[in-house]
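So the structure is just underneath, and the comments pick up after that.
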Amino acid sequence: MKEFLKGLVRWKTSACMIFTAAIFIYLFFCLIYGTREVSTAMLWGLFWVSAAGSLIQAVCFSDWLIKKLAYTWRGVLFVALFLPVLTLAAWQTGWFPRDQAGAWIMFLGIFFLIFLVMTIGFDIYFRLTGRKYDGLIGQYRKKKEDEGT
């Protein structure tokens with residue numbers, strides 16, 4: 001039960017951070033397009049996307065449900081689960097005109113571009129962090145060898 005509550009708190013925190021970021025991005029575009037009102041449909045849509053996205057992220061990128069899966073396949077699973085949720089929210093809340101295929105193609109292109117940039121960023125971070133820890137382990141082993149001699 002304790003682990004469940006810890007997970008629930010992590011999910012809530014992640015959802016809140018995603019929602020806050022989404023609101024700031026939305027407000028930025030409101031400034032660009034001169035919009036002065038925020039619709040409640042948009043707020044609810046962003047809330048549900050944030051909550052679902054946080055849950056899908058936890059499923060895909062932790063060992064909560066999936067113990068052993070390569071990072072690449074975790075990314076593919078995330079896209080397969082999150083893209084339909086995001087698309088449905090965009091459709092229901094009217095993020096784009098429903099009859100403009102070009103807007104939806106751009107939406108998909110931006111989604112995959114952001115996903116690619118984030119994946120590359122995480123890969124670079126993990127490689128740098130791995131090198132750092134490899135170096136620290138090497139120092140530790142050398143120290144132990146020196147002490148043993």
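The values are calculated or read from the model by the stated rules, or taken from the named source; none is laboratory data. Model, not experiment: these values are computed from the prediction. Calculation scope for accessible area: heavy atoms of the full protein, side chains included, ligands and nucleic acids excluded. Shrake-Rupley method; radii C 1.70, N 1.55, O 1.52, S 1.80 Å.
List of remarks:
- From the C-alpha gyration tensor of the stretch 1-82, square roots of 5λ in Å: 30, 16, 9
- The accessible surface of the chain, taken with every protein chain in place and a 1.4 Å probe, is 71 percent carbon and sulfur.
- Mean-square fluctuations from a GNM of the chain, with a 10 angstrom spring cutoff on Cα atoms, peak among L128, L77, L46 at L128.
- Remark: the chain carries 78 Å² of accessible area per residue (probe radius 1.4 Å; ligands, DNA and RNA excluded).
- 29 Å Cα-Cα threshold exceeded, pairs from K68/K143; K12/K68; K2/K67: K68/K143
- Straight-line reach from K144: taking Cα to Cα under 21 Å and skipping same-chain neighbours fewer than 8 places apart, the lysines in range are K132.
- Working note: 222 nm ellipticity from helices only, DSSP H runs with n ≥ 4, each -39,500 (n - 2.57), summed and divided by the residues of the chain, gives -30500 deg cm²/dmol to the nearest 500.
- Whole-angstrom Cα spans of the chain along principal axes, big to small: 74, 38, 29
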